[in-house]
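Worksheet: the structure to be examined is printed underneath.
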Amino acid sequence: MVIRKHVNSCLVMILLTIAPWAAADTQFRLIVDASGSMLISDPDKLTAESLKLISDLAPEEQATLGVWLFGERARVLLPEARVNQETKQALSQAVSNYTPGDLKTDLESIIRMLLQTPDAGDLEPGFDRHWILVTDGMVDVSLDEAVNEASRSRIMNDLASQLAERNIHLHTVSMTGYTDKELLSSVSTLTDATHTEVATPNDLLDTFDRVFSQAAPSEEVPFEGNTFFIDDAIEEATLLIFHEQGVTPKVFLPNGKRLNMGALNVSYVDADHYLLVTITKPSVGTWRVEDVDLERSNIRVITKLSAQATKVAPVLFVNEPIYSTVGLFQDNTLIEDPEVLSLVETKQKLNLLSGESTKQLLNRPLPITNNQFKNKIEQITGEGNYELISEVDGKTFVRKLSQFFAVTAPISLEAERQSENLVAFSAKPTNLRLNLLRSNARLIITSGDGSEESLEMPLIGEGYWQKIYPVAPNSALSAHIRLIGITRTGVRFEYSTPSWYLNRDGADVVKLSQSRDDGKAAMAAVAAVAAVNRDLMPVVVTPQIAVVSQEEMEEIDPASQQDEAVDAPINESIDDTKAKEEPAGLSSSEWILYGALNGAGVILLVGGYLIFRRIRKKRKQLKVD
């Protein structure tokens, strides 16, 4: 009985983790850059077609849609409403009538406006919020760069935090390489969303399709060449077919006849670059398509026989492992029959999505354990957007699951000079999935000779880690953070940040750089000198004379002076040389004083010697007498 209870509880846990595949109400807010440069970045108005694609994909009466423009000012293009035929017609008319032409790019105002705009459409409680921002520029609200930087800072900190607290996923899309990638990526990462740089405007359609898949995951059947197989468990199939403008794609039934778009069980939308066809109770058998971009197209299905997988977080950390389980369900009941499962083959593919190209990183069959197919991907080391594809082949049926997610660094390291020799290192989380209270961050200081110093970083409140580090004179160092991270779900991973480089010449102010070349050149110079004599630290004696008053002496911290003396021992041979050269710098009056003092010293020595001889002579005479 105890074993059965454990098995049942495990099954419940699996069902709970797979539950996100179920449909849920969704809010889509689309935010479009209306600056004049968008006419150049998107001459064919594929942004407008992408907006239509979201409205066509969204299930009617189960999602809301609204469109806003921003540039010199924020404004509504389409008021938010439930998706239905009326909304789709209004959207089509709205996107056809607007023309970009604004001179500025005020991103802050549109985000503030949307945060203050009430939800519309009376969606079910707990609905998902997915906002999509498309832009080709940077924060540009003033000719004064300080004003732009202040606005940018408010977006990255205050507004991004508000979005995350309200569980709003802000997906950002860069139309050109001139956009502020750091800003857009930072906001998307914090809000469990993706940032995408599109190589061409045509890629906008694929990006919006992926965002919709994240918002509303669904099962698919894969293409096998230009064919796909429909089994008798499939109740509805939706084909999203991408094609070149001016090309008419063709869909053929299993009996070889061309699909009649006017049939009672068929509904479709024909756009310039895509064809969306929904077929209820499709014919069983092998279907065929022609004049289709197969790599970009997909077939979503509603079926009684489904493959479902554990959800992958929308944002993963570098080096964080992925634990994936795929189960086979009949009418939402897990199939546990060994004879049935023995006929099923399951494999997973991991792809890196980069602009127009897709790079396959993994293609692995999954072993079966406890009537489910399991896989562990140890770590993903590169940041970017990824797709995890699970394919289930049951001989008489095939299923495909596509899961999209982003991989990012768990923390960002910032270095800021506090004084001439003090540097504040701050490690801030990029996403709220990181459990700061259970994670550990250490500051690693590396000197020119390769030796390391590991320092514990205190946690400031529950927001970030910070450590103040004193840099000794004549130092060339590198600094990075070594993180042992724990996610809020208890997954452990390790990560090291890129390095900062610190250089302090003599008692000058510390110089900070993230340039690998500059930092390593300074460290190499120190290492080269140190290699000549490992017992001595190179010291640069600056030709400066300072007069310190008694009040200033009392203000100097003895502890800091002691630290500097220990960190930079004096090279005596260098100091002797300097001492011999110092008289050459005396003035004429100082030379006269110097000569007079030396003359007086000589006279005293001679006089003393003569007096000594006279006294000694008198003593000898007394002894003789």
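Of all the listed residues (GLY327, GLY355), the sole one being touching a helix residue (DSSP H, G or I) at 6+ places or on another chain (Cβ under 8 Å), in contact (Cβ under 8 Å) with a residue 12 or more places away in the chain and surrounded by 18 or more Cβ atoms within 10 Å (Cβ to Cβ) is GLY327. Taken over region 446-460, the criterion of being hydroxyl-bearing (Ser, Thr, Tyr), open to solvent by 50 Å² or more (accessible area, probe 1.4 Å) and touching a residue at least 12 places away in the same chain (Cβ under 8 Å) is satisfied by SER454 alone.
Within region 243-290, the set of residues being open to solvent by 70 Å² or more (accessible area, probe 1.4 Å) and among the aromatic types (Phe, Trp, Tyr) comprises TYR268 only. Entry remark, region 179-193: residues being open to solvent by 10 Å² or more (accessible area, probe 1.4 Å) and part of a loop (DSSP other than H, G, I, E, B) number 3 in total. When region 162-178 is filtered for residues that are more than 21 Å from LEU204 (Cβ to Cβ), in contact (Cβ under 8 Å) with a residue 12 or more places away in the chain and open to solvent by 50 Å² or more (accessible area, probe 1.4 Å), the ones remaining, listed by number, are GLN162, ARG166, ASN167. Go through region 331-352 and report how many residues are without any contact (Cβ under 8 Å) to a residue 60 or more places away in the chain and surrounded by 14 or more Cβ atoms within 10 Å (Cβ to Cβ). Going through region 331-352 one residue at a time, the tally reaches 12. For beta carbons closer than 6 Å, sequence separation of 6+ or different chains, a first residue in region 223-246 that is modelled with pLDDT under 95 and a second that is open to solvent by 60 Å² or more (accessible area, probe 1.4 Å), the qualifying pairs are GLN245/ASP272.
One line per residue, one yes/no per condition, for (1) at pLDDT below 90; (2) open to solvent by 50 Å² or more (accessible area, probe 1.4 Å); (3) assigned to a strand (DSSP E or B):
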site: HIS6; (1), (2), (3): yes, yes, no
site: ALA23; (1), (2), (3): yes, yes, no
site: VAL32; (1), (2), (3): no, no, yes
site: ASP44; (1), (2), (3): yes, yes, no
site: ILE54; (1), (2), (3): no, no, no
site: GLU61; (1), (2), (3): no, yes, no
site: LEU69; (1), (2), (3): no, no, yes
site: VAL76; (1), (2), (3): no, yes, yes
site: PRO79; (1), (2), (3): no, yes, yes
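Do we have SER515 as within 17 Å of the chain's Cα centre (by Cα), within 28 Å of LEU353 (Cα to Cα) and without any contact (Cβ under 8 Å) to a residue 60 or more places away in the chain here? It is false that SER515 is within 17 Å of the chain's Cα centre (by Cα), within 28 Å of LEU353 (Cα to Cα) and without any contact (Cβ under 8 Å) to a residue 60 or more places away in the chain.
Output the number of residues of region 91-112 satisfying the condition of being open to solvent by 40 Å² or more (accessible area, probe 1.4 Å) and either touching a Ser or Thr at 6+ places or on another chain (Cβ under 6 Å) or modelled with pLDDT under 95 (or both). Give the derivation first.
Narrowing region 91-112 to residues open to solvent by 40 Å² or more (accessible area, probe 1.4 Å): 92-93, 96-97, 99, 101, 103-104, 112.
This time we only want the ones that are either touching a Ser or Thr at 6+ places or on another chain (Cβ under 6 Å) or modelled with pLDDT under 95 (or both), so: 92-93, 96-97, 99, 101, 103-104.
The total comes to 8.
Residues satisfying the criterion are absent from region 67-82 (criterion: of a type in the set (Val, Ile, Thr) and farther than 26 Å from MET156 by Cβ).
Of the residues making up region 139-153, those that are modelled with pLDDT of 90 or more, open to solvent by 30 Å² or more (accessible area, probe 1.4 Å) and either within 30 Å of LYS45 (Cβ to Cβ) or among the acidic types (Asp, Glu) (or both) are ASP144, GLU145, GLU149, ARG152.
Can you find, within region 379-415, the residue that is surrounded by the most Cβ atoms within 10 Å (Cβ to Cβ) among those that are of a type in the set (D, E, K, R) and under 30 Å from ALA233 (Cβ atoms)? In this case the residue turns out to be ARG399. Of all the criteria given as (1) farther than 22 Å from GLY382 by Cβ; (2) β-branched (Val, Ile, Thr); (3) part of a loop (DSSP other than H, G, I, E, B), the one not satisfied by THR325 is (3). Taking the criterion of being surrounded by fewer than 17 Cβ atoms within 10 Å (Cβ to Cβ) and over 29 Å from GLY382 (Cα atoms), the residues of region 483-511 that qualify are ASP505, GLY506, ALA507, ASP508, VAL509, LYS511.
For region 206-215, does any single residue satisfy the condition of being hydrophobic (A, V, I, L, M, F, W, C) and part of a loop (DSSP other than H, G, I, E, B)? Give the steps one after another, and end with the answer.
Initial filter on region 206-215 (hydrophobic (A, V, I, L, M, F, W, C)): 208, 211-212, 215.
Keeping just the survivors that are part of a loop (DSSP other than H, G, I, E, B) gives none.
No, there is no match, as no residue in region 206-215 is hydrophobic (A, V, I, L, M, F, W, C) and part of a loop (DSSP other than H, G, I, E, B).
Name every residue in region 216-233 that is in a strand (DSSP E or B) and open to solvent by 10 Å² or more (accessible area, probe 1.4 Å), in order of residue number. Selection gives GLU219, GLU220, GLU224, THR227, PHE229. Identify, please: which residue in region 99-143 is in a helix (DSSP H, G or I) and out of contact with any helix residue (DSSP H, G or I) (no Cβ under 8 Å at 6 or more places or on another chain) and is, among those, nearest to GLY66 (Cα to Cα)? Among residues in region 99-143 that are in a helix (DSSP H, G or I) and out of contact with any helix residue (DSSP H, G or I) (no Cβ under 8 Å at 6 or more places or on another chain), the one nearest to GLY66 (Cα to Cα) is LEU114. Do we find a residue being part of a strand (DSSP E or B), surrounded by fewer than 14 Cβ atoms within 10 Å (Cβ to Cβ) and not basic (Lys, Arg) anywhere in region 298-314? Checked against the condition, which is being part of a strand (DSSP E or B), surrounded by fewer than 14 Cβ atoms within 10 Å (Cβ to Cβ) and not basic (Lys, Arg), region 298-314 yields no hits at all.
Among the residues that make up region 366-378, is at least one of them surrounded by 15 or more Cβ atoms within 10 Å (Cβ to Cβ), out of contact with any Pro (no Cβ under 6 Å at 6 or more places or on another chain) and among the basic types (Lys, Arg)? The answer is yes; a qualifying residue exists. Mind checking whether some residue in region 482-493 is out of contact with any strand residue (DSSP E or B) (no Cβ under 6 Å at 6 or more places or on another chain), on the phi < 0 side of the Ramachandran plot, modelled with pLDDT of 95 or more and part of a strand (DSSP E or B)? Yes, some residue in region 482-493 is out of contact with any strand residue (DSSP E or B) (no Cβ under 6 Å at 6 or more places or on another chain), on the phi < 0 side of the Ramachandran plot, modelled with pLDDT of 95 or more and part of a strand (DSSP E or B).
Within region 461-478, the residues that satisfy the criterion of being open to solvent by 30 Å² or more (accessible area, probe 1.4 Å) and farther than 17 Å from TYR501 by Cβ are GLY461, GLU462, GLY463, TYR464, GLN466, ILE468.
The values are calculated or read from the model by the stated rules, or taken from the named source; none is laboratory data. On a predicted model such as this, the values are computed, not experimentally measured, just so you know. Note that each Cβ is placed from the backbone with ideal geometry, even for glycine, and that neighbours are counted across all protein chains shown. The protein model used for the area step is the full one, side chains on, heavy atoms only, and it has no ligands, DNA or RNA in it. Shrake-Rupley method; radii C 1.70, N 1.55, O 1.52, S 1.80 Å.
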